[in-house]
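Enquirer: Right, I'll just put the structure down here and ask away after.
The values are calculated or read from the model by the stated rules, or taken from the named source; none is laboratory data. Bear in mind the structure is a predicted one, so any value in this text is a computation, not a measurement. Cβ placement follows ideal geometry from the backbone for every residue including glycine, while neighbour counts extend to all protein chains displayed. Just the protein is used for accessible areas: all its heavy atoms, side chains included, with ligands, DNA and RNA removed. Shrake-Rupley method; radii C 1.70, N 1.55, O 1.52, S 1.80 Å.
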Amino acid sequence: MNEPAIRTEEQIISLFPDRETLICRGWVLKRMEGQLLVYPLYYKFSEGDIPENIRRCEEIGRQCGAGCVFRIVEHTNYHLSSILTDNGYGLEKCGMVGGWNLTTDTRELCMKEKMSEGLFLKNGNRGTGYVMVGESVIGIKRQGLLLLPDENLPDTGLEDILRFSVENGIVRILADIPGKEELPKQYGRLGFRRAYFYRCYQRED
């Protein structure tokens, strides 16, 4: 099992405490934007039980009017991708998660530069905050963690994000970058490291 990736996925899930969360035999189900996102993080049953658990997730999805999307990180649940494919699922998207941890060197570098401009923090529910540029959400913050979803950085440089993080007590940034297996150069240059690759599967019509 890829324990570091599982811990990071848990952190990502924790950023959305206001979204309904269910547990189905060790799989975490989260209602997100009209979909039931299934995180098969914990694997405590036999291969023969997997199709039954898929059906259970689908039934929960039908009850809440949402289709299931299974998010599988690399080096976990080795048989699940093929079982999903055999049950009518196709690859919906793939991507990678990169991580950045605040260090003394990073703090000093950021503080030498000008203060970040155009970014502000909007408080949400249950301890979640949103990093905003104008009316656009570019990041989700909870305690010292910031998630940059879908590489959504319009007119905002990563340098500004790092400076904003230092100014606002953020000690770790996760970037969820779709369509990539390796870390883009602009992230690596600023100290991000590739954490893991993932694939999302959805039932084909």
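Enquirer: Do you know which residues across region 173-205 are among the acidic types (D, E) and in contact with a strand residue (DSSP E or B) (Cβ under 7 Å, 6 or more places away or on another chain)?
Expert: Hits for region 173-205 are D176, E181, E182, E204.
Enquirer: Follow-up question, since we're still on this one. What pairs come up if the first residue lies in region 162-176 and is free of Cβ contacts under 8 Å to residues at least 60 places away in the same chain and at negative phi, the second is in a helix (DSSP H, G or I) and open to solvent by 10 Å² or more (accessible area, probe 1.4 Å), and their beta carbons are under 6 Å apart, counting only those six or more places apart or on different chains?
Expert: Cβ pairs passing all conditions: R163/C110.
Enquirer: Can you tell me which residue within region 62-89, out of those that are part of a helix (DSSP H, G or I) and crowded, with 20+ Cβ neighbours inside 10 Å, is modelled with the lowest pLDDT?
Expert: Per the stated criteria, the residue is L80.
Enquirer: Does N53 satisfy the criteria of being at pLDDT below 95 and surrounded by 14 or more Cβ atoms within 10 Å (Cβ to Cβ)?
Expert: yes
Enquirer: Just to be sure I understand the filter: pairs with C-beta atoms under 9 Å, separated by 6 or more residues or on different chains, first member in region 118-137 and in contact (Cβ under 8 Å) with a residue 24 or more places away in the chain and surrounded by 15 or more Cβ atoms within 10 Å (Cβ to Cβ), second member among the acidic types (D, E) and part of a loop (DSSP other than H, G, I, E, B). Which pairs pass?
Expert: From residues that are in contact (Cβ under 8 Å) with a residue 24 or more places away in the chain and surrounded by 15 or more Cβ atoms within 10 Å (Cβ to Cβ), the pairs are G124/D18; T128/D18.
Enquirer: Turning to a different aspect of this structure: Go over the candidates N77, N87, N2 one by one and state the one that is in contact with a His (Cβ under 7 Å, 6 or more places away or on another chain), of a type outside the set (D, E) and either closer than 30 Å to R194 by Cβ or touching a residue at least 24 places away in the same chain (Cβ under 8 Å) (or both).
Expert: Answer to the check: N2.
Enquirer: So, in region 4-25, exactly how many residues are open to solvent by less than 20 Å² (accessible area, probe 1.4 Å) and not in a helix (DSSP H, G or I)?
Expert: Residues in region 4-25 being open to solvent by less than 20 Å² (accessible area, probe 1.4 Å) and not in a helix (DSSP H, G or I): 2 in total.
Enquirer: Looking for whichever is small (G, A, S), closer than 30 Å to Y78 by Cα and out of contact with any helix residue (DSSP H, G or I) (no Cβ under 8 Å at 6 or more places or on another chain) here; the options are G157, G169, G134, G188. Which one fits?
Expert: Residue meeting the stated conditions: G188.
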